[in-house]
1. With springs connecting C-alpha atoms under 10 Å apart, model chain A as a Gaussian network and identify which of A:118, A:231, A:76 has the largest mean-square fluctuation.
2. Suppose a student asked you for the relative contact order of region A:164-219, using Cα pairs under 8 Å spaced at least 6 residues apart; what percent would you report?
3. Tell me which of A:18, A:189, A:128 sits at the most positive position along the dipole axis of the protein assembly as shown, charges placed on C-beta atoms (Lys, Arg +1; Asp, Glu -1).
4. Within a 10 angstrom radius of the beta carbon, how do B:28, A:276 rank from fewest other beta carbons to most?
5. By a straight-distance test (C-alpha under 14 Å), which aspartates and glutamates pair with residue A:92 as possible cross-link partners, with residues fewer than eight away in the same chain excluded?
6. Picking from A:107, A:67, B:34, whose Cα lies most toward the positive end of the charge dipole for the protein assembly as shown (charges on Cβ: Lys, Arg +1; Asp, Glu -1)?
7. Rank by packing, highest mean first: peptides A:86-95, B:10-19, A:252-261, A:212-221, with packing defined as the count of other Cβ atoms within 10 Å averaged across residues.
8. Modelling each spin label as a point 7 Å along the Cα-to-Cβ direction, I'd like the residue A:174/residue A:111 distance in nm, to one decimal.
Amino acid sequence: MENLIVQSDSFDMSTDSIISWLHYLKPDIEIVKLFDEHQIKDITLKLSNNDVMTISINGLNITESDHYWYRRGRYSFDNFLLDATSSEFEKKIAKDNLTTILDFVHNIQFKNGINKYSDNKVDKLKMLNYCRKHSIIIPDTLVTNSIEHVNDFLKKHKRIISKPIQYPIVEFYENQNTFYFATKTHLITKDIIVNFPQKFLPSFFQKYVDKLFEIRSFYLKGNFYSMAIFSQENEKTKIDFRDYDYERPNRIIPFNLPKKIEKKLKKLMEDLNINSGSLDIIYTPQNEFVFLEVNPVGQFQWLSYYCNYFMEREIAKNLSNVK
Amino acid sequence: MLNNKENEVKVNFEKKIKKNPEKYPFLSREWEISKKKNIEYVKFYRSSILISLTRPFYKPFSKIIDINRIDE
């Protein structure tokens, strides 16, 4: 009997769909579900030249040869005998030890795995830098804390945008409630710059790229499932298709990226050490494919639904080794 | 919808950002501040799954055309 470990959020619906497919494709598969914040109370890790790596978490035995799918959620540690009376020194020693172990656990490379927690940490700057290495076209990018440099950037490119340097949504806990701080991509104009302080927290800017259409592509272990989104003709969606127009929805079609582009993007994903993720790309009037970003744990079901890709089945087949 | 207390928290965040924009990212004035919603759709699972997963796009439909019968 094979083990499949699924780490996700309790309310993630793509997880439900994939588990349904797994039960259909391989009825005897044993699925271990680690949902939400999985608190580690007991841990034993064994590394040897003569055997596979094994790890026991709260009595659950995991080996690197298990099948594994990371979708959402994370591990955390129990307080491990720390309490209100523990000194700052005791807390620091515990934190140093536990952080090392947690990093290791979040980075385990399973022989048949899709994604891992540490994929969440892949940042835009690293992606864009790797793109340069593989000759993937990117928009000119500026990260600065100086309005003077933003101004020069705007003069040079005429139209620029700003977007979050890392996560589009930040969560913050206040007054017993979790608040979301969400930002889409915004066009930056001279008016905004004039009224802004000279120095600010370093922020992310890019040259605005005209597009014929946008491409959202889901990558799974070397294969691309792409969709073209005709968002340019709509004032509401032309900067960012996620600023959805519910009255006049964008038209979309299934799309095949050129093999040459897929080959470069595959190398990028290998460099980033991500075996699955959603890529955002622009196709320009100059017939160029411009890379924007990749989200390793983004939503993919809408792409699957609109393009009839049945990606949930593909993921389940991959996880269960069904051909 | 935010209740009064939650709205107060939201307004406080907005005031803080407005007062010291240099302490935040450039786009902080555009932040849409909202409270994390309690998930309620489990009991309405089947009807809400499409709302939650479906982005507003036109879904392309295709059909097979038999060119031998196109004149019929």
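Computed from the coordinates by the stated procedures, all read-outs in this text should not be read as laboratory data. Nothing here was measured: the structure is a model prediction, and the numbers come from that model. Here the Cβ positions follow ideal geometry from the backbone for every residue, glycine too, while neighbour counts run over all protein chains shown.
1. A:76
2. Once divided by the residue count of region A:164-219, the mean separation gives 29 percent.
3. Ranked along the dipole, the leading option is A:189.
4. Working: B:28 22, A:276 25.
In increasing order of surrounding Cβ atoms, one gets B:28, A:276.
5. Output for residue A:92: A:83.
6. Of the candidates, B:34 comes out farthest on the positive side.
7. For the peptides A:86-95, B:10-19, A:252-261, A:212-221, the packing ranking is A:212-221, A:252-261, B:10-19, A:86-95.
8. 5.0 nm
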